[in-house]
Amino acid sequence: MRTVGLVAALMVLTGCQMLKGNKEDAAPLASVNAKPKITQDFCFYDQAPESFEHNCDPSYWLNLWLEAGSTNWSERKAAVKALGTTEFDVLTAYIYTLPNDTPYQDRLRAQLALNEAAGEFTPLAQQVVSTVAGAQNNQQMELESALVVLEKENTSRAQQLEALKSETDTLRKKLEELLQIEATLMDKNRSTQQ
């Protein structure tokens, strides 16, 4: 009876702690929503490089992202290969690699190129890119990387298991041979005693 009471008390305390944690997590989001940071004149650069079109046109970049999301990887890959190394091209390639069907290496290459180019973005543009796309993109790459490591580990374990199975089969055959030799010796021993 005491155990049941103790378990019930622990569950109530745990539930209260979880609710308290959720309220604390919700508070920063409410303050972010209270003060919008993006205004009509959102720009990636204060002074955009000559080749960087649509600097203060977030709708262009959002539409490009929507287009990328509805285009298969083979088409986007061809478009990425056709791009150069300008800041505009780097951001375009990055957006083309955001959909989930992009292979890990292409996603990583675009992320690293953007990380280098984004150092010149305005602080707000850096925060927007990091929050809207970067965090999720990095998390997906971490998960894909972990999956590759797990696949290698599974392959290694499967090979070890196969080797152990082969060794077990060999030992079983040797044991059967030894048992056969022992049976033969016992038969000879009985025949000589008679």
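A few notes on this one:
- Meeting the requirement of 1 or more residues that are touching a Lys or Arg at 6+ places or on another chain (Cβ under 9 Å) and more than 17 Å from TRP65 (Cα to Cα), the helices (runs of 4 or more DSSP H) wholly within segment 81-131 are 123-129.
- Here the condition is being within 30 Å of GLN105 (Cα to Cα) and open to solvent by 100 Å² or more (accessible area, probe 1.4 Å); of LYS165, LYS152, LYS188, it holds for LYS152 alone.
- THR102 polar (S, T, N, Q) and touching a residue at least 60 places away in the same chain (Cβ under 8 Å): no
- Screening ALA78 with (1) open to solvent by 40 Å² or more (accessible area, probe 1.4 Å); (2) under 22 Å from the mean Cα position of the chain (by Cα); (3) among the hydrophobic types (A, V, I, L, M, F, W, C) gives one miss only, at (2).
- Contacts under 9 angstrom Cβ, first residue in segment 141-166 being of a type in the set (Ser, Thr, Tyr), partner modelled with pLDDT under 90 and open to solvent by 70 Å² or more (accessible area, probe 1.4 Å), 6 or more apart: SER145/TYR104
- Of the residues in segment 38-61, at least one is out of contact with any Phe, Trp or Tyr (no Cβ under 8 Å at 6 or more places or on another chain), assigned to a helix (DSSP H, G or I) and open to solvent by less than 20 Å² (accessible area, probe 1.4 Å).
- Subset of segment 107-131 (residues that are of a type in the set (Ser, Thr, Tyr) and touching a residue at least 40 places away in the same chain (Cβ under 8 Å)): THR122
The values are calculated or read from the model by the stated rules, or taken from the named source; none is laboratory data. Because the structure is a prediction, the values reported are computed rather than measured. So basically every Cβ, Gly included, is an ideal-geometry build from the backbone, and we count neighbours across all protein chains shown. For the accessible areas, the whole protein counts, side chains as well, though only heavy atoms, and no ligand, DNA or RNA atoms are used. Shrake-Rupley method; radii C 1.70, N 1.55, O 1.52, S 1.80 Å.
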